[in-house]
Every structure is written in structure tokens, then in C-alpha cells.
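Just below is one structure, and these are the notes that go with it.
The values are calculated or read from the model by the stated rules, or taken from the named source; none is laboratory data. This structure is a prediction, so every number in the text was calculated from the model and none was measured. Cβ atoms come from the backbone with ideal geometry, glycine included; neighbour counts cover every protein chain shown. Heavy atoms of the whole protein, side chains included, go into the accessibility calculation; ligands, DNA and RNA do not. Shrake-Rupley method; radii C 1.70, N 1.55, O 1.52, S 1.80 Å.
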Amino acid sequence: MSEERYMREALDLARANIQAGGRPFGAVLVYQGQVLARAVNEIHSTQDPTAHAEMQAIRKASHALGQARLDGAEIYASGHPCPMCLAAMHLCGIERAWFAYDNAEGEPYGLSTAAVYAQMARPPQQQSLPLRALKPSGEAGLYLEWKQANAQ
């Protein structure tokens, strides 16, 4: 079964990342039946809070293909993808995502994203990170400009 093989590879990447001083997260991105990208959580080495394994795999795959869309691709992740990673998967067209360890299993070790999920489920006005609309007076047409610049 190839799904299990891909997941074992993601888990091997996660274990190697622990040995390198990182967090226990690895991801394998499969596109059209081929492994297109392998990645680990690189927050410890890049100081980039978005350098999650799934995000890194998406970046590598998009770069390799020269396109932002990965329609039909699958991701195998050692841990349950966080909201940021899930949003990126939706945005680029990932068709299926698999994970080995869920949030409850990571919680005793400080690896749960349950609090983040709960926070993001709230309406924007009730989140701890305020999100408010602010369009300066006289501002209009940004998206129309984009559409016109990209019209064929």
C-alpha cells in the first residue's frame, strides 16, 4: 500500500528532524503518483514561524512545477495539520491530506494546536488577534486594477 509507505517516509523525516533539533513534523507531497516534495518543520533553523513541514512541502512542490496550483496532490503529514497549513492546502488545490498523530496525542507534550483552532473558530471581532476592516478615504479599485492588468 503506497499510502502507508508515504506516511512512513513522513514519520522518518519527522524523527530525523527531532535529531536535528527540530519539532516532530515531516511531510511528503505526492503529485500524479510521484513524490514531488519532502519537507520538515524548519522553524528551529529559519526562525520563520510559517516554516511548517506541510508549508515547506507546498513551497518546494510549487517551485518544482513552476506553478502555484497543485490540483490533485496529496500530503502525508506526521502530525495533524494546523489551520495555516490546511488553508494553504485548500488554496493550492491539494486533494487529500493524511496525518499519523492527532492533536490529542501531541497535547501532553505541548504540540497541540487545539487552542489555535478554537481561537480561529470565533468571529473576527472576538479573536485575540483583532481583525478589523480599514480602507482609507478615497481608496477604491485595487482589485479592478489587478483584473485589468491580468486581462488577456
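Below, the figures for the structure above:
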read-out: Inter-label distance, nm, simple model (7 Å from Cα along the C-beta direction), Thr50/Ala115; value: 2.3 nm
read-out: Accessible heavy-atom area order of Thr113, Thr46, highest first, probe of 1.4 Å; value: Thr46, Thr113
read-out: Antiparallel bridges, percent of DSSP beta bridges restricted to the chain (to nearest 5); value: 65 percent
read-out: Accessible surface of Val116 - all protein chains present, 1.4 Å probe, nearest 10 Å²; value: 70 Å²
read-out: Net length gained if the chain between Ala140 and His63 were fully extended (0.36 nm per residue, minus Cα distance); value: 24.4 nm
read-out: Highest-MSF residue in the chain out of Ala133, Ala87, Ala37 [GNM, Cα springs under 10 Å]; value: Ala133
read-out: Convex hull (Cα only) mean projected area of the chain, reported in nm² to one decimal; value: 12.1 nm²
read-out: Solvent-accessible area per residue, Å², over the chain with all protein chains present [probe radius 1.4 Å]; value: 66 Å²
read-out: Helical contribution to [θ] at 222 nm, DSSP H n ≥ 4, -39,500 (n - 2.57), averaged over the chain, rounded to 500; value: -12000 deg cm²/dmol
read-out: Extended-chain gain in nm, criterion 0.36 nm per residue less alpha-carbon gap, Leu91 and Ile18; value: 23.4 nm
read-out: Helix axis angle, 2-19 relative to the chain longest principal axis, alpha carbon, degrees; value: 90 degrees
read-out: Cut-off under 5 Å, modelled amide H: who pairs with Leu36 long-range; value: Leu29, Val30, Tyr31
read-out: Where labels lie 7 Å past Cα in the beta-carbon direction, separation of Gln126 and Arg8 in nm; value: 4.6 nm
read-out: Accessible carbon and sulfur surface of the chain relative to its total accessible area, %, 1.4 Å; value: 56 percent
